[in-house]
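A short write-up of the structure that comes next.
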Amino acid sequence: MNHQESQRPEKVNPLEMRDLGFIESGNNDGLDDNHDQDELADSSQSRQAVDESDSSEDEVAPRNTIGDVPLEWYKDEKHIGYDIAGKKIKKKERQDKLDSFLASADDSKNWRKIYDEYNDEEVELTKEETKLIRRLLKGKAPHAEFDPYAPYVDWFKWDDAKHPLSNAPEPKRRFIPSKWESKKVVEYVRAIRKGLIKFDKPKEEPRLYLLWGDDSSSADRTKHLAYIPPPKPKLPGHEESYNPSLEYLPTQEEINTYQLMYEEDRPKFIPKRFTSFRSIPAYENAIKDSFERCLDLYLCPRVRKKRINIDPESLKPKLPSRKDLRPYPVTCYLEYRGHEGAVLSISVEPSGQWIASGSKDGTVRIWEVETGRCLRVWELGEAVQHVAWNPLLELPILAVSVGSDVLILNTGFGNEEQQRKAKELLQIGTPTSSDDSDDISSVLSWLQDEKHDCIRLRHFRTVSSIEWHRKGDYLSTVMPAGESRAILIHQLSKKLTQRLPFKHHGLPVSSVFHPTRSIFFVATKKNVRVYDLLRQKLIKKLETQLREVSSIAVHPAGDNVIVGSKEGKLCWFDMDLSSKPYKTLKCHPKDITNVAFHRSYPLFASCSDDCTAYVFHGMVYADLNQNPLIVPLEILRGHTSSDGRGVIDCKFHPRQPWLFTAGADSSIKLYCH
Amino acid sequence: MGKPKHYQPPGKKKEGNAARYVTRSQAIKLLQVSLSDFRKLCIHKGVFPREPKKKVKGNHHTYYHLKDVMYILHDPLLEKFREIRAYKKKIKKAKAKKNDELARLLLSRAPSYKLDMVIRDRYPTFVDALRDLDDPLTMVHLFAMLPAIDRLKIEVKCIHNCRRLCHEWQAYISRTHKLRKVFVAVKGIYYQAEVEGQKITWLAPHARQQVLTDDVDFNVMLTFLEFYEALLGFVNFQLYHSMNVKYPPILDPRLEALAADLYALSRYFDANYKTSVQEPQVAGSSISEQEQEESNLRLAQLQRQLPANEPGALMHLVQDAASETEEDEATRDCKNLFQNMKIFLSREVPRESLLFVIPAFGGIVSWEGDGAPFAEADDSITHQIVDRPTQGHVYLSREYVQPQWIYDSVNARIILPTEAYMVGRDPPPHLSPFVDNEAEGYVPDYAKTIKELQAAAKNDVQPFPGMGNDVLDNSQNMLAEGYISRTEAMEAAEKKQKMMLLEKQYHDDLKMELQDVSSINKQSSAEDMESKEELLRDVQQSAMDSEDLSRLMMSRKKRGLAKAIEMNKQRKKDHVEKLKERKRNIEAAQKSEKKHKKA
């Protein structure tokens, strides 16, 4: 029955078990623990064993009852002690030694007899007893049947215990309710009541509900930054189909060429064709694509960009119609042939009747503009770098740069008086040694050239360009390699030469006089410097932001300058506006060789080594608030390239909207409107 | 004025981009969360880096707008994440102390978070949510196809949820006939639906064993998936609610076990939709008496004691009419595409996709297997979809076609002739419905034939009730009769106006042309000389010159733009040229092959 009871509460908290034990403490056998059970069994067994040993001793009750006292106390008494009834037990009469010896000698069994001093009697040992004694003497177990080496039977059930149970009696604490436990129980009860301890609830599913409500009007965006929706993935085209048209499939060769491409340029997706639905395999990059999309969504900066769906026509600036800006040179009207080398420079006579040209073949020619007839030829023997007509109508002379010399030629035009004046001017009477500029006289000399009947100005370096002052008396020459004396200004009437009284910065390329005022422009490779000659001061520095300036021209009004560069860029400077270019036009793919303004029409032109010349409309308004209007008008073609050079020089006709161009193909062309 | 909120030492005041944008590490410091938590927050809140005009900290940083960071900072989700982090420490501690009991207990009570308010915040209106639904749908469809992997923390529950969400979404689309385009690509099947005016495109991978790659961080993907699942759940709820169907749907367990979820869902719709549609009608009729028809119906219902769950033929009629008014023309078109067709799917065809597509276009479909609505032996089957080299047993009463026929018909919106799609043949090319062939500049041959077929079909078919001319004219009268609803009348009126406009424009054009001819004549006579001069010059050269000259005056920015546009045009042109060349080559090869055969 105990067992049955113990089986019942199989899994109860130890706490509860204690309680149970406590409640049923009356019958503590009811404890279910194996441990306790074993203990119980053990104790009963041991008690039995004790009983057994007692009974074996008490088989024959001792006659004497004195207990365990020294027998010496009864030495002198007549009795040895008392029996159960309390009567004295009398001592036996002592046999004398002889008798006893004789008796022992007679009696063969005498050796078995032992005198029991306590009871005062002789006891005869039985055979079994002697055997026992003998075994004891040998140190063996008294009973022969006893097997000291019997196989060990472990009667203890070592269920969970480490040690066999002790024999100790049940402690008291097992029988009284635990104080601490009851305290804990109270604590738990309170915690449960307060809701501190929650029992496992059934897990609820994520609840879904009508998140947006029925009305779609409640669109109150949070006060947050503008949400930029992620761009939708690109929709698939025909080529992504499982069964695309055959023309969408790249050929094997094309696929092979993909391997040669850079990885970024390689097409991400190579179309494939499957003839039936069942043969489509799983797409191997599905997860990767999805992952990359995820990364794009949360790692890529999103910027709202306006989709440029603009008509490219609308990008073009609104310009006035070209028809309204006529007249301007459009077609090639005349060609002047005769030179045998590239024509390096041309110059138009101020009246517009004649044109002079200098060529690489060492000749200077003068042509009639309207007929194309060559009037005069000077053989100078060396390549002619630059020619320039004197701007005065009544002084028909021509400045020509040949190598390091500048020749001032008398063209022989004009009436007699003009000829006389010119001849007079071109005579060097006495070589006046300029006293104030010694260094100049050492590097430059005014000589009379007998052969051509002209003045020869011998410079110390090659002269690249010559420019006349508007009054026709002064003449500036540029020697790019001349360092501090690169730019010289010569006075024809006094046969005087002076150095530009400014420090030079960079390599000078060209120089121009202002058309109305005493201002001088010097173009170096990077910048254009503007000097006031009267006050001898630097007025302005125009920063071209070009790599290499090749040419410069000044607007007849004097406030606007154009600069051409060797990278094909043309800069328009409005000097009133700023020292930075008002407009930079990248028009030519090759070097710009020269630029020119028309004297009366609002036209300017640039010519380049790419065998073209551009004509622009460049209107400058008197109103300072209005910016100049620049309209490209025409591209003039016709020259052919030779030695990598195209059109080398261009000049406008002084009266008509005509343009002369000198080409490396040894021809000069006239473009008319 | 009071004190400034935060003291800034003079000269150290942050302004402009430096104050407005923070780098990622700054943002993390500000929020006091770990990087992984920050990532999660960014994903859930939809916060993305922004590009400041000036990058104060350098080019190699990612920048977040400070307002974005504050937006995260003020969200309760952040606090929840911190709580979770602290709680995880507790669990770790319990485990380290070998207190498994406590660890288990703690694990079972771990705090969780809900995303509903985040969704509401990110998408204030339902349409906003629909607009961004492309990515969620694609992702959920992908995960519905993935295996559950412990190593990657992809749980079975998650996969099942994905599958359920997919099916629910598809069931809705199919039921309301909102599917518009289907395209079978190598990557999977692209579907495009139009819900509330939003075009939603998603990609469902083919039903194959997916290839798992190692170079993918599944943590990121699972975070996205978590948000997407929540979003899709709410979207589905809203959509089902709009149909008066209870959500989440309770499915027939037998069908569910047979993995015929979609069919089970449609059955569920059938059961729910009818009863739910009926209820409002009853209520409406009792309140207002304006519509006689409905009250009549009510009377009839009462008289005949129609059972509620099995409405009669009249019920059906009314229901259809009621739903018809809501639907737009495209939906009606789609609904009637496969009408009167019974389609049977063979064992080998992709069942899930076709079970979705065919009912979406009004067809009746069955398949081989348990739980199918009708068996293969059914006589009324008109088409059987087959994807095998040869078909053994053939019923003469039906046509055997390849699955591509369904998709091509759907995209063309006409029933295509089946000859080309017969069993064992190479089907004609499958073309993308997302491409505007005219804009692309190249029209594949099959697109041309489809166009012809469409034109032929249009002429064949009787004028549609909504589009016919007589209806257009009489719309006002009909309104008086109360036959069509107001919205439809407006639509019709609009259409009429449009047509008028077009006509007018055409007339104007004609007039203009007539005038132009005369004016040009006059001008030319006046400018005879000039034109002659012009003619002398090379026309092409002048055109090029004028092009150059106009480009000369553009600003550098515009010039670059023009150049880019031109390059793009050129690239497109090159692509088209390439296609044409390939086609020529293919044709030539075919011709030579034929000749060889003849010889």
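The values are calculated or read from the model by the stated rules, or taken from the named source; none is laboratory data. Not measured: the values here are computed from a predicted model. Note: ideal-geometry Cβ built from the backbone for every residue, glycine included; neighbour counts use all protein chains shown. All accessible areas refer to the heavy atoms of the entire protein, side chains included, with ligands and DNA or RNA removed. Shrake-Rupley method; radii C 1.70, N 1.55, O 1.52, S 1.80 Å.
Only residues that are out of contact with any Ser or Thr (no Cβ under 9 Å at 6 or more places or on another chain) and either within 11 Å of chain A (Cβ to nearest Cβ) or closer than 12 Å to residue B:38 by Cα (or both) were counted across the stretch B:56-66, and they come to 2.
Among the conditions (1) surrounded by 19 or more Cβ atoms within 10 Å (Cβ to Cβ); (2) of a type in the set (A, V, I, L, M, F, W, C); (3) at the interface with chain A (Cβ under 10 Å from one of its Cβ atoms), the only one that residue B:69 does not satisfy is (3). Taking the stretch B:91-105 as the range and being surrounded by fewer than 14 Cβ atoms within 10 Å (Cβ to Cβ) and among the basic types (Lys, Arg) as the test, the residues that pass are B:92, B:93, B:97, B:98, B:104.
Taking each residue of the stretch A:242-269 that is open to solvent by less than 80 Å² (accessible area, probe 1.4 Å) and looking for partners that are of a type in the set (Val, Ile, Thr) and outside any loop (DSSP other than H, G, I, E, B) with beta-carbon atoms closer than 6 Å, six or more apart or interchain, yields A:242/B:184; A:246/B:586. Criterion applied to A:272, A:232 was being at the interface with chain B (Cβ under 7 Å from one of its Cβ atoms), touching a helix residue (DSSP H, G or I) at 6+ places or on another chain (Cβ under 7 Å) and open to solvent by 70 Å² or more (accessible area, probe 1.4 Å), and the one residue passing it is A:232. Here residue B:520 meets the list (1) at pLDDT below 70; (2) within 10 Å of chain A (Cβ to nearest Cβ); (3) surrounded by 10 or more Cβ atoms within 10 Å (Cβ to Cβ) almost entirely, failing just condition (2).
Of all residues in the stretch A:275-295, those satisfying the criterion of being at the interface with chain B (Cβ under 8 Å from one of its Cβ atoms) and either more than 32 Å from the chain's Cα centre (by Cα) or in contact (Cβ under 8 Å) with a residue 12 or more places away in the chain (or both) are A:275, A:276, A:277, A:278, A:280, A:281, A:282, A:293.
What about residue A:181, is it assigned to a helix (DSSP H, G or I), touching a residue at least 24 places away in the same chain (Cβ under 8 Å) and not β-branched (Val, Ile, Thr)? Spelling it out, residue A:181 is indeed assigned to a helix (DSSP H, G or I), touching a residue at least 24 places away in the same chain (Cβ under 8 Å) and not β-branched (Val, Ile, Thr). Scanning the stretch A:517-547 for residues that are of a type in the set (Lys, Arg), under 54 Å from the mean Cα position of the chain (by Cα) and assigned to a loop (DSSP other than H, G, I, E, B) yields A:525, A:526, A:547. Of all residues in the stretch A:483-516, those satisfying the criterion of being surrounded by fewer than 17 Cβ atoms within 10 Å (Cβ to Cβ) and part of a helix (DSSP H, G or I) are A:483, A:484.
Reported count of residues in the stretch B:439-457, each being open to solvent by 70 Å² or more (accessible area, probe 1.4 Å) and more than 20 Å from residue B:582 (Cβ to Cβ), is 2.
For the stretch B:440-459, a residue qualifies if it is closer than 24 Å to residue B:191 by Cα, of a type outside the set (Phe, Trp, Tyr) and part of a helix (DSSP H, G or I), and the qualifying residues are B:440, B:445, B:447, B:448, B:449, B:450, B:451, B:453, B:454. If only one of B:411, B:336, B:340 is polar (S, T, N, Q) and within 14 Å of chain A (Cβ to nearest Cβ), which one is it? Answer to the check: B:411. If you go through the stretch B:210-228 and keep only what is within 9 Å of chain A (Cβ to nearest Cβ), open to solvent by 20 Å² or more (accessible area, probe 1.4 Å) and in contact (Cβ under 8 Å) with a residue 12 or more places away in the chain, you end up with just B:212. Filtering the stretch A:298-314 to residues that are without any contact (Cβ under 8 Å) to a residue 12 or more places away in the chain and either surrounded by 13 or more Cβ atoms within 10 Å (Cβ to Cβ) or within 26 Å of residue A:670 (Cβ to Cβ) (or both) leaves A:298, A:299, A:300, A:301, A:310, A:312.
When restricted to residues that are within 20 Å of residue A:564 (Cβ to Cβ), among the aliphatic types (A, V, I, L, M) and not in a strand (DSSP E or B), the stretch A:620-673 contains 2.
Determine whether the stretch B:351-372 contains at least one residue that is surrounded by 21 or more Cβ atoms within 10 Å (Cβ to Cβ), within 11 Å of chain A (Cβ to nearest Cβ), under 18 Å from residue B:184 (Cα atoms) and in contact with a Pro (Cβ under 6 Å, 6 or more places away or on another chain). No: zero hits.
Residue-by-condition table, conditions (1) buried (at least 22 other Cβ atoms within 10 Å of the Cβ); (2) among the polar types (S, T, N, Q); (3) on the phi < 0 side of the Ramachandran plot:
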| site | (1), (2), (3) |
| --- | --- |
| A:518 | no, yes, yes |
| A:524 | no, yes, yes |
| A:528 | yes, no, yes |
| A:536 | no, yes, no |
| A:547 | no, no, yes |
| A:551 | yes, yes, yes |
| A:556 | no, no, yes |
| A:562 | yes, no, yes |
| A:566 | no, no, yes |
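With respect to (1) of a type outside the set (Ser, Thr, Tyr); (2) surrounded by 24 or more Cβ atoms within 10 Å (Cβ to Cβ); (3) away from every other protein chain (no Cβ under 14 Å); (4) in contact with a Ser or Thr (Cβ under 9 Å, 6 or more places away or on another chain), the lone exception for residue A:636 is condition (3).
Take the residues in the stretch B:122-174 that are touching a strand residue (DSSP E or B) at 6+ places or on another chain (Cβ under 7 Å) and part of a loop (DSSP other than H, G, I, E, B), then tell me which one is nearest to the other protein chains (Cβ to nearest Cβ). Across the stretch B:122-174, the extreme among qualifying residues is B:146. Restricting the stretch B:416-425 to residues that are over 29 Å from the mean Cα position of the chain (by Cα) and free of Cβ contacts under 8 Å to residues at least 24 places away in the same chain leaves a set whose member that is surrounded by the most Cβ atoms within 10 Å (Cβ to Cβ) is B:422. Just so you know, in the stretch B:177-209 the residues that are among the polar types (S, T, N, Q) and more than 7 Å from every other protein chain (Cβ to nearest Cβ) include one that is surrounded by the most Cβ atoms within 10 Å (Cβ to Cβ), and it is B:192. Taking residue B:82, is it surrounded by fewer than 18 Cβ atoms within 10 Å (Cβ to Cβ), more than 9 Å from chain A (Cβ to nearest Cβ) and touching a residue at least 40 places away in the same chain (Cβ under 8 Å)? Considered against the rule, which asks whether it is surrounded by fewer than 18 Cβ atoms within 10 Å (Cβ to Cβ), more than 9 Å from chain A (Cβ to nearest Cβ) and touching a residue at least 40 places away in the same chain (Cβ under 8 Å), residue B:82 comes out as yes. Of all residue pairs spaced 6 or more apart or on separate chains, those with beta-carbon atoms under 6 Å, a first member in the stretch B:544-562 that is facing chain A (nearest Cβ under 7 Å) and on the phi < 0 side of the Ramachandran plot and a second member that is of a type outside the set (D, E, K, R) and surrounded by fewer than 14 Cβ atoms within 10 Å (Cβ to Cβ) are B:553/A:317.
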